[in-house]
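**Q** Just passing along the structure, written as structure tokens.
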Amino acid sequence: MSAGWRGATRYDTVVIGGGHNGLVCAAYLARAGQRVLVLERREKVGGAAATEEVWPGYRVSLLSYVVSLLRPAIVEELQLRRFGYHVYPLDPAYFMPFPDGRHLLYWEELSRAAAEIARFSERDASALFDYDRTLGELVALVRPLLDRIPPQLPPRRPADLGAALGLGRQLMRHSRTWAKLVDIMTMSVADYLGQWFTDEAVKGALSPGGVIGAWAGPETPGTAYVLLHHRMGEAGGQRGGWGFVRGGMGALSEVLSQSARAFGAEVRTSAPVSRVLTRAGRATGVALEDGTEIGADRVMSSAHPVTTLLDMLGADKLPPELVTELRRYRSRSGSAKVNLALAELPDFRALPGKELGPQHPEFIINPSLGYLQQAFDDARSGIFSRSPMLDCVIPTTKDDSLAPAGRHILSCFVQYAPFDLKGSSWDQERERLGDRVVELLGEYAPNLPGAVLHRQVITPPDMEREFGLIGGSIFQGEMSLDQLFSFRPAPQAGAYRTPVPGLYLCGSGTHPGGGVMGAPGRNAARLVLTEERRRRWRTLGRSA
């Protein structure tokens, strides 16, 4: 730790933002012996992975609602189970009711999923095996890249060139998969699924993963990659599976906070950062909104990259071309959340029963690709979708600690709802969106509207205002080809470094992107620790 700061305390590293990536980054740096301080502007840690008691006795995961992408290495290396981390896997992955009374249960066991699809199309059921095998090959190619520090492009130092060469060698080992990778990186999810499947209901069942959180419809090029991105995780040991965190998503954030503290990090909440401090062109700490200045050898920001670099640092301290790139960085989404407290479980027309069954933990309303595209077309015209795609979970089916006995929480991820409404405002439309979601659910489960005890509607502007998600983008920026890997958020700020020495990015606006993954925080910490080791070796070499 360097000396010379005139404030009361100086840290090796200050981390802006106590979301899951900021906490992961802090825990790794503290584990390596650094003096680390995390500053979170909200009253509790977690950012978008937060659980709050919205109504007495009901603890609701406000935005993020399931876990899958969290890297297994983080669970082990940060000892998360020691602090109470537990996942309830989902199998089936989800239930799909259809307006005509049919239904589909997408089981994790492929033969069971195929048997469900066979009731719609024998041909599509057979194609499922080739489709799954192809995605498996792509996951095997791309998943290791999640844990790689991408090379800076163009390379600035010998280490960058070495990283680029190492990446090239890794890709060469999978050269037979390149054509398939190009397909999935550039195609729409509609065209991609169309290579295997013909039935509209089947394609409707498989397509939501390609548009979740994206300002894109199923016919938008590049959405096939979003589908792949959501296949690269695991939950409870299930590859590609999803699950509920015991205690809600905020419990994962609290576990990460406990791990960071156990390794020696300090975590402060209700501590909003206003500025990144610099001296002689180098980051030297941060200033809080109350005027407090905190010195550090480096600053790591898990906040949105545009917020960090243009608002907290300032455009005048950056190369003009990077400022232009950041102002062009696409951070938009058409997602909203509607959280409900229920007196009883939904009684679906397609699979009746209010007693807990495989249809209840997670269900999706999206009867066809055409339905999904129309929902996006509504949003593009400036209105919330009159027939939105709904990805719904009932975490109380696995974890009864989240609600009073016999009651349930239903969390609905809604697509699409534009950030800006044409000729109206969200103050006028908020409750109308909630009404439409409940009405739509009632078309599939007639008892549901009468079972609603409480309701919360979270709009894209709410996500920006409360959680710093610019444009309501849950990924801190679109997951498109030009905003991935070394280009996320921009080439001059890729690979976690910024042009300002001592200032790094470690949030979802960096590689490998969004989702409750933790990889950006872990990778950024590894980069800093590698640079520290090299610096010490150089110092020892000069003194020898």
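**Q** What percent does the relative contact order of segment 481-544 come to when contacts are Cα pairs within less than 8 Å and at least six residues apart?
**A** 22 percent
**Q** How much of the DSSP bridge set in segment 1-135 is antiparallel, in percent, rounded to the nearest 5?
**A** 60 percent
**Q** Need one number: nm distance between label points at Arg123 and Ala73, each 7 Å from Cα along Cα→Cβ, rounded to one decimal.
**A** About 4.4 nm, to one decimal.
**Q** Let me ask you something else. Counting C-alpha atoms alone, how compact is segment 286-342: give Rg to one decimal and Dmax as a whole number, in angstrom.
**A** For segment 286-342, the Cα-based Rg and Dmax read 16.4, 53 Å.
**Q** Further, regarding this structure: Report the relative contact order of the chain, percent, no decimals, based on alpha-carbon pairs under 8 angstrom and at least 6 residues apart.
**A** 23 percent
**Q** Looking at Val437, Ser64, Tyr85, which one has the Cα that reaches farthest to the positive end of the dipole of the chain (charges on Cβ: Lys, Arg +1; Asp, Glu -1)?
**A** Result: Tyr85, furthest along the dipole toward the positive end.
**Q** Once you treat every alpha carbon in segment 342-446 as an equal point and sum by Debye, what is log10 I(q)/I(0) at q = 0.11, 0.12, 0.13 Å⁻¹?
**A** Taken in order of the listed q values, log10 I(q)/I(0) reads -0.39, -0.46, -0.53.
**Q** Taking all protein chains as present, what is the carbon and sulfur share of the accessible area of segment 396-469, in % to the nearest whole number, probe 1.4 Å? Write out the running numbers ahead of the final one.
**A** Values: 1370 of 3120 Å².
Roughly 44 percent of what the probe reaches on segment 396-469 is carbon or sulfur.
**Q** Would you work out which of Leu340, Ile364, Met300 lies farthest towards the positive end of the dipole of segment 280-371? Charges go on Cβ: Lys and Arg +1, Asp and Glu -1.
**A** Ile364
**Q** Please calculate how many Å² of accessible area the chain carries per residue, with a 1.4 Å probe and no DNA, RNA or ligand atoms counted.
**A** 38 Å²
**Q** Another question, if that's okay. Say a paramagnetic label sat at a point 7 Å from the Cα of Asp100, along Cα to Cβ; which residues of segment 351-375 have their backbone N under 12 Å from it?
**A** Only 368 fall inside the zone, counting backbone N under 12 Å.
**Q** Relative contact order for segment 1-96: what is it in percent, counting Cα pairs under 8 Å that are at least 6 residues apart?
**A** So the answer I get is 20 percent.
**Q** How many percent of all Cα-Cα pairs in the chain sit more than 32 Å apart?
**A** Here the tail beyond 32 Å accounts for 43 percent of pairs.
**Q** Would segment 41-104 count as rounded, prolate or oblate if I go by the C-alpha gyration tensor, calling it rounded below 1.5 in a/c and otherwise prolate when a/b exceeds b/c, oblate otherwise?
**A** Verdict is oblate for segment 41-104.
**Q** Report the charge-dipole magnitude of segment 372-497 in Debye, nearest 20, computed about the Cα centre from +1 at each Lys and Arg Cβ and -1 at each Asp and Glu Cβ.
**A** Dipole about the Cα centre, nearest 20: 160 debye.
**Q** Principal axis extents for segment 226-331, Cα atoms only, whole Å, descending order, please.
**A** 49, 35, 21
**Q** Return the FRET efficiency for the residue pair Ala343, Arg432: r is the Cβ-Cβ distance, R0 is 30 Å, and the value is rounded to the nearest 0.05. Kindly include the intermediate steps, with their values, before the conclusion.
**A** Values: r = 23 Å, r/R0 = 0.78.
Computed FRET efficiency for Ala343 and Arg432: 0.80.
**Q** While we're here: Using a simple charge model, +1 on the beta-carbon of Lys and Arg, -1 on the beta-carbon of Asp and Glu, nothing else, what dipole does segment 55-144 show about its Cα centre, in debye to the nearest 20?
**A** 400 debye
**Q** What is the percent carbon and sulfur in the accessible area of segment 487-544, measuring with a 1.4 Å probe over the protein chains and ignoring ligands? Walk me through the numbers on the way to the answer.
**A** Values: 1150 of 2040 Å².
Result for segment 487-544: 56 percent of the exposed heavy-atom area is carbon or sulfur.
**Q** Regarding segment 385-544, what are the three Cα extents along the principal axes, ordered largest first, in Å?
**A** That gives 78, 43, 25 Å along the principal axes, largest extent first.
**Q** Run the dipole for the chain about the Cα centre, Lys and Arg Cβ at +1, Asp and Glu Cβ at -1, nothing else charged, and hand back the magnitude in debye, nearest 20.
**A** Dipole about the Cα centre, nearest 20: 2660 debye.
**Q** Using helices alone, I'd like the mean residue ellipticity at 222 nm for the chain: each DSSP H run of four-plus residues gives -39500 (n - 2.57), total over residue count, nearest 500.
**A** Calculated from helices alone, the mean residue ellipticity at 222 nm is -10500 deg cm²/dmol.
**Q** Which log10 I(q)/I(0) values, to two decimals, does segment 59-156 give at q = 0.13, 0.15 Å⁻¹ under the Debye formula with one point per Cα?
**A** -0.77, -0.92
**Q** Report the gain in length on full extension from Asp311 to Gln374: 0.36 nm times residue separation, minus Cα-Cα distance, nm rounded to one decimal.
**A** 19.0 nm
**Q** Would you check the accessible area of Arg538, probe 1.4 Å, heavy atoms only, in square angstrom rounded to 10?
**A** About 130 Å², rounded to the nearest 10.
**Q** In the chain, what percentage of the DSSP-assigned beta bridges are antiparallel, given to the nearest 5? Write down the numbers at each step before the final one.
**A** Details: 47 of 65 bridges.
Here the share of antiparallel DSSP bridges comes out near 70 percent.
**Q** Here's another thing I want to ask about it. Taking the simple approach of a point 7 Å from Cα along Cα-to-Cβ for both Glu443 and Leu481, what is their distance in nm?
**A** 3.5 nm
**Q** Under a plain spin-label model, where a point goes 7 Å from the Cα along Cα-to-Cβ, how far apart in nm are Ser381 and Glu289?
**A** Label-label distance for Ser381 and Glu289, simple model: 3.9 nm.
The values are calculated or read from the model by the stated rules, or taken from the named source; none is laboratory data. Keep in mind that what you see is a predicted model, and the values were worked out from it rather than measured. Using ideal geometry, Cβ is built from the backbone for each residue, glycine included, and neighbour counts are taken over all protein chains shown. Keep in mind that these areas ignore ligands, DNA and RNA; they rest on the heavy atoms of the full protein, side chains included. Shrake-Rupley method; radii C 1.70, N 1.55, O 1.52, S 1.80 Å.
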